[in-house]
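Presented below is the structure to which this report refers.
The values are calculated or read from the model by the stated rules, or taken from the named source; none is laboratory data. From a predicted model like this one, the values you see are computed outputs, not experimental measurements. Neighbour counts are summed over all protein chains in view; Cβ atoms, including those assigned to glycine, are modelled from backbone coordinates with ideal geometry. Just the protein is used for accessible areas: all its heavy atoms, side chains included, with ligands, DNA and RNA removed. Shrake-Rupley method; radii C 1.70, N 1.55, O 1.52, S 1.80 Å.
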Amino acid sequence: ITSRDNAEARRLFEGAIEMDPLLASAFAWLASAHYCDVVFGWTDSSDRSIGEMLRAAERSVALDDKDAMAQLALAGAYSSIGDRAKALSAAETALELNPNLPLAYYWRGVLCGDIADLETAIRLSPRDPSLFLFLESIGFRHLIAGRCEDALDWAQRSLQRRPGYFSPYLLIAASNSRLGRMDEARAAVQKVLELEPDFSLAVAQVMTSFWDSADRERYVEDLRKAGLPE
């Protein structure tokens, strides 16, 4: 996904809402598009995008609180503003509504740091369009646990699924930085900036806003040492 792809998707979801303002799923996907704008820094006003994201997610649930994807949109929205408790509650609700939904296991796994949930998401949908996210998320959990070589392995698995996605390169940069392999870390940061020229440490902090503060601070410092700009 790129900022251009996301902008086009957002316009499509807004068009669907114009045609049917009671369509809960359209609001859920619109919230997800705003989520990407917020966490990837694809907006010129974070406050505006956060407000639009929360309104769309809450509207989706208000229209159909039995829609698991609406609950996951809410989980994403809350996670992006660092409210892990509310995000986890929404993810748990999604799982209760649909116990076989891979994205629900993904979100619970990301929010709880549970690799088993992420592995369940992969098992349920081994060819899922979001598989690259499931794979890199396992990698980030290994990084947080200090298993940097494992983190690098999962980053490569993610890139095999989506070669043009920038986030695994952040994982590669942070892992190599922590291992003292600074040439490799700096090369990975340069790849991030080739794919996302405006990416910064500030955006990396937003992307990990639901992490424990100590884990987030160490990750950001790893990226700072690797040369990611403020």
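Each other residue within a Cβ distance under 13 Å of D150 adds +1 if Lys or Arg and -1 if Asp or Glu, for a net charge of +1. What a 1.4 Å probe finds exposed on the chain is 49% carbon and sulfur by accessible area, rounded to a whole percent. Along the range 218-228 the Karplus relation, 6.51 cos²θ - 1.76 cosθ + 1.60 evaluated at θ = phi - 60°, assigns HN-Hα couplings of 5, 4, 4, 5, 4, 5, 4, 4, 7, x, 5 Hz to successive residues, with x for each Gly and Pro.
Estimated at the nearest 10 Å², the accessible area of V203 is 20 Å² with a 1.4 Å probe.
Using +1 on the beta carbon of Lys and Arg, -1 on that of Asp and Glu, and nothing else charged, what's the dipole of the chain about the Cα centre, debye to 20?
Here the chain has a charge dipole of around 460 debye.
By the rule of a C-alpha distance below 24 Å, with chain neighbours fewer than 8 residues away ignored, the lysines paired with K191 are K225.
Look at the alpha carbon pairs under 8 Å that are at least 6 residues apart: their mean separation over the length of the chain gives a relative contact order of 14 percent. Relative protection proxy for 176-187, 94-105, 72-83, from highest mean packing down: 72-83, 94-105, 176-187 (other beta-carbon atoms within 10 angstrom). Axis of helix 68-80 versus longest Cα principal axis of the chain: the two differ by about 50°, to the nearest ten degrees.
Which value in Å is the Kirkwood Rh of the range 75-144 over different Cα pairs? For the range 75-144, inverting the mean 1/r across all distinct Cα pairs yields 11.9 Å. Couplings for the range 202-208, taken from phi via the Karplus curve 6.51 cos²θ - 1.76 cosθ + 1.60 with θ = phi - 60°, read 4, 5, 4, 5, 5, 4, 10 Hz in order; Gly and Pro are left as x.
State the Cα centre-to-centre distance between the range 158-230 and the range 75-100 in whole Å. The two parts, judged by their Cα centres, are 25 Å apart. By its C-alpha gyration tensor, with a ≥ b ≥ c as the square roots of the eigenvalues, how is the range 105-217 shaped: rounded for a/c under 1.5, else prolate for a/b larger than b/c, else oblate? Verdict is prolate for the range 105-217. Taking the helices alone, the chain has a mean residue ellipticity at 222 nm of -24000 deg cm²/dmol, built from -39,500 (n - 2.57) per DSSP H run of at least 4 residues and averaged over all its residues. Using only the Cα atoms of the range 1-128, build the gyration tensor, take square roots of its eigenvalues as a ≥ b ≥ c, and label the shape rounded, prolate or oblate: rounded if a/c is under 1.5, else prolate if a/b is larger than b/c, else oblate. Here the range 1-128 falls in the prolate category.
Across the range 1-44, the fraction of Cα-Cα pairs farther apart than 12 Å, rounded to a whole number, is 56%. Relative to the longest principal Cα axis of the chain, at what angle does helix 102-112 sit, 0 to 90 degrees, rounded to 10? Between the helix axis and the principal axis of the chain, the angle is about 60 degrees.
Against the longest principal axis of the chain, how steep is helix 148-161, in degrees 0 to 90 to the nearest 10, with axes from Cα atoms? That helix lies at roughly 50 degrees to the long axis.
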